[in-house]
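Single-structure report; data block below.
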Amino acid sequence: MSKFSNFAVSFTIISILSGCLTLYGYGLLHGGPPVMLWGWLFVGVLVIFAGMSMAEICSSFPTAGGLYYWAAKLAPGDSAPIWSWFTGWFNLLGQVAVTAGISFGCAFSISAFLSIWTGNGYWLSPGHTIGILAIVLFSQGLLNTFGVRLVALLNDVSVYWHLIGVAIIFILLFWAPSSGSHQSVGFLFGSEGWNAFKGLSGFSLPLYVVLIGLLNAQYTFTGYDASAHVSEETIQARIAAPKGIVNSIWISLIAGFILLLAVSFALPHAFPVTINGTLYKDYSSIATDLVPWATIFIYAAGKTIGLLLVLVVIVAQFFCGMSSITANSRMIYAFSRDGAVPFSNYWHHVNKRSRVPVRTAWFGAVGAFILASPYMVNTAAYAAVTSIAVIGLYIAYLTPVFLRRINPTAFTPGPWVLSKTWGPIIGWIAIVWVVFICIVLMLPQYTPITRLNFNYTPIAVLAVIGFAGIWWAVSARKWFTGPKVQGTAAELAEIEADLSI
């Protein structure tokens with residue numbers, strides 16, 4: 001991979017056209033545009049801190065194992081195996097969950113497109129959406145079987161698709177036929193917008209609503225560790241991978257803010273209003289729509305142009321899910337290389353023709369489908385899946401950063417490094433924020449709590465902790481010694497020779 005392709009993987013997985021839009025309805029129910037827009041800027045800055053702290057570690061250890069390898073190298077004393085073990089399992093949970101969330105969002109978007117196009121709402125039923133999700137994940141898994149060069153090419157295309165797509169959406173939503181219906185600045189950033197959507201989640205405490213409303217931004221800013229996971233396949237990885245992490249975050253921060261601003265500006269402001277044959281009486285009816293951003297596209301730009309914009313989003317989300325499986329497969333491959341995954345000998349395999357870990361790509365795709373399947377009985381499952389992704393990934397992200405701060409002698413700087421003055425400040429701010437947001441995202445997201453809106457995030461997180469903990473206590477502590485180093489000149493020559501044969 002080139003430097004640009006390395007950046008493209010992380011940028012594509014962050015995918016503002018995926019995270020921002022698929023959780024847009026959640027954002028409307030939890031404070032509306034003011035929470036989403038101010039929250040996007042606030043979370044984005046803190047994520048840059050986290051990304052910078054990870055980037056300097058990546059520059060020192062550019063490996064496919066990424067986070068759990070870093071944890072092993074930076075852990076104090078003899079504690080490397082246990083730190084590495086749990087970091088790896090949280091990373092695996094987050095990787096599978098983020099793949100589920102991304103492809104789940106793509107399936108939602110396809111359902112919305114078919115529903116609007118045909119006029120049949122049954123496309124939005126849980127059964128149809130899960131069926132479409134299966135097709136999406138199968139297609140993404142298939143693309144990941146053909147080699148890293150095809151994936152890299154599609155990721156390169158994805159960068160331009162995202163940036164040009166956001167520009168097109170921004171322009172059309174601002175200058176569409178219904179441009180006179182744009183919301184005011186006060187609605188987007190002030191009390192007017194807050195008052196329009198407050199209370200829709202059932203909670204009356206403003207601070208609580210704001211905090212759980214940050215999921216939209218915090219979920220979108222995930223997946224940038226992909227630059228580390230594909231570093232073993234990247235030219236000049238010690239510079240390219242850390243730059244890929246940081247650049248993907250700040251570019252997404254700017255482009256994502258523009259996207260959220262455009263969609264929120266186009267919200268209807270006069271009710272009742274009929275959109276594509278459906279009557280919307282107030283803001284709550286827009287917020288509770290299954291795919292509100294698609295409804296806004298149709299309202300602002302008309303059915304034909306609106307559907308074309310939905311297609312732009314669908315393609316971007318598909319690229320995003322494909323890249324997520326790429327990063328997922330490399331992490332699982334590296335983790336199984338060290339015997340830390342059940343049936344490791346099977347998963348630790350590189351296809352001799354395509355030279356990619358095909359089996360672990362399908363591991364990620366099937367695992368994502370299983371994690372999303374509760375949507376059949378729980379309509380709030382998507383928000384839970386995204387919360388699981390945030391918690392799993394960010395615990396894995398910041399564990400090496402924490403170890404780097406409490407055990408500085410174990411860290412040897414690479415060519416990309418933070419200053420001695422600002423590095424500790426940036427690192428500790430990121431650590432404190434991640435601990436806080438992980439607690440917040442396990443709290444109830446709607447009230448009253450029912451079977452249909454129950455946030456099962458704590459169950460999934462505890463299940464992984466319990467499984468990994470029991471396996472560690474019973475067996476793994478006796479044989480797991482941490483990541484195995486594989487990369488001497490002789491070893492690489494042997495691998496290449498085997499693959500060539």
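The values are calculated or read from the model by the stated rules, or taken from the named source; none is laboratory data. Since the structure is predicted, the reported quantities are computational estimates derived from the model, not experimental observations. Don't worry about glycine lacking a Cβ; one is built from the backbone with ideal geometry, like all the others, and counts go over all protein chains shown.
Kindly indicate whether any position in segment 239-261 is in a loop (DSSP other than H, G, I, E, B) and touching a residue at least 24 places away in the same chain (Cβ under 8 Å). The answer is no, given that none of the residues of segment 239-261 is in a loop (DSSP other than H, G, I, E, B) and touching a residue at least 24 places away in the same chain (Cβ under 8 Å). Within segment 66-98, the set of residues being within 21 Å of W479 (Cβ to Cβ) and either acidic (D, E) or touching a His at 6+ places or on another chain (Cβ under 8 Å) (or both) comprises just one member, D78.
Which of the residues spanning segment 84-99 are over 17 Å from S387 (Cβ atoms) and not hydroxyl-bearing (S, T, Y)? Steps first, answer last, please.
Quick first cut of segment 84-99, residues over 17 Å from S387 (Cβ atoms) only: 84-89.
If the condition is that a residue be over 17 Å from S387 (Cβ atoms) and not hydroxyl-bearing (S, T, Y), then W85, F86, G88, W89 are the ones that fit.
Filtering F90, F104, F113, F108 for residues that are in a helix (DSSP H, G or I), more than 29 Å from A468 (Cβ to Cβ) and under 17 Å from the mean Cα position of the chain (by Cα) leaves a single hit, F108.
How do the helices (runs of 4 or more DSSP H) wholly within segment 157-227 filter down when requiring 1 or more residues that are closer than 18 Å to Y446 by Cα: which remain?
Working: elements: 185-189, 191-197, 206-213, 215-220.
By residue number, 191-197, 206-213, 215-220.
Filtered by the rule that a residue be of a type outside the set (S, T, N, Q) and surrounded by fewer than 22 Cβ atoms within 10 Å (Cβ to Cβ), segment 349-366 gives H349, V350, K352, R353, R355, V358, R359, W362, V366.
Name the one entry in P424, P448 that is more than 20 Å from A217 (Cβ to Cβ), in a helix (DSSP H, G or I) and out of contact with any Phe, Trp or Tyr (no Cβ under 9 Å at 6 or more places or on another chain).
Working: P448 fails: in a helix (DSSP H, G or I).
The unique qualifying residue is P424.
If we scan segment 421-435, do we find a residue that is surrounded by 21 or more Cβ atoms within 10 Å (Cβ to Cβ), in contact (Cβ under 8 Å) with a residue 24 or more places away in the chain, in contact with a helix residue (DSSP H, G or I) (Cβ under 7 Å, 6 or more places away or on another chain) and among the aromatic types (F, W, Y)? Within segment 421-435, none of the residues are surrounded by 21 or more Cβ atoms within 10 Å (Cβ to Cβ), in contact (Cβ under 8 Å) with a residue 24 or more places away in the chain, in contact with a helix residue (DSSP H, G or I) (Cβ under 7 Å, 6 or more places away or on another chain) and among the aromatic types (F, W, Y). The residues of segment 399-417 that are crowded, with 18+ Cβ neighbours inside 10 Å and not in a helix (DSSP H, G or I), listed by number, are F411, G414, W416.
Yes/no matrix, rows are residues, columns are (1) assigned to a helix (DSSP H, G or I); (2) free of Cβ contacts under 8 Å to residues at least 40 places away in the same chain; (3) touching a Gly at 6+ places or on another chain (Cβ under 6 Å); (4) surrounded by 23 or more Cβ atoms within 10 Å (Cβ to Cβ):
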{"site": "Y69", "(1), (2), (3), (4)": "yes, no, no, yes"}
{"site": "P76", "(1), (2), (3), (4)": "no, no, no, no"}
{"site": "G94", "(1), (2), (3), (4)": "yes, no, yes, yes"}
{"site": "T99", "(1), (2), (3), (4)": "yes, no, yes, yes"}
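If I go through segment 34-57 residue by residue, how many of them are crowded, with 24+ Cβ neighbours inside 10 Å, over 18 Å from the mean Cα position of the chain (by Cα) and closer than 18 Å to F221 by Cα? The number of residues fulfilling the criteria is 2. Considering the conditions (1) buried (at least 19 other Cβ atoms within 10 Å of the Cβ); (2) modelled with pLDDT of 90 or more; (3) among the small types (G, A, S), A152 is excluded by exactly one of them, (2). A search for C-beta distances below 8 Å between a residue of segment 263-282 that is surrounded by 12 or more Cβ atoms within 10 Å (Cβ to Cβ) and any residue that is of a type in the set (D, E), counting only pairs 6+ apart in sequence or on different chains, returns F271/D282; Y280/D289. Residues in segment 303-310: is at least one of a type in the set (K, R), surrounded by fewer than 22 Cβ atoms within 10 Å (Cβ to Cβ) and touching a Phe, Trp or Tyr at 6+ places or on another chain (Cβ under 8 Å)? Scanning segment 303-310 turns up no residue that is of a type in the set (K, R), surrounded by fewer than 22 Cβ atoms within 10 Å (Cβ to Cβ) and touching a Phe, Trp or Tyr at 6+ places or on another chain (Cβ under 8 Å).
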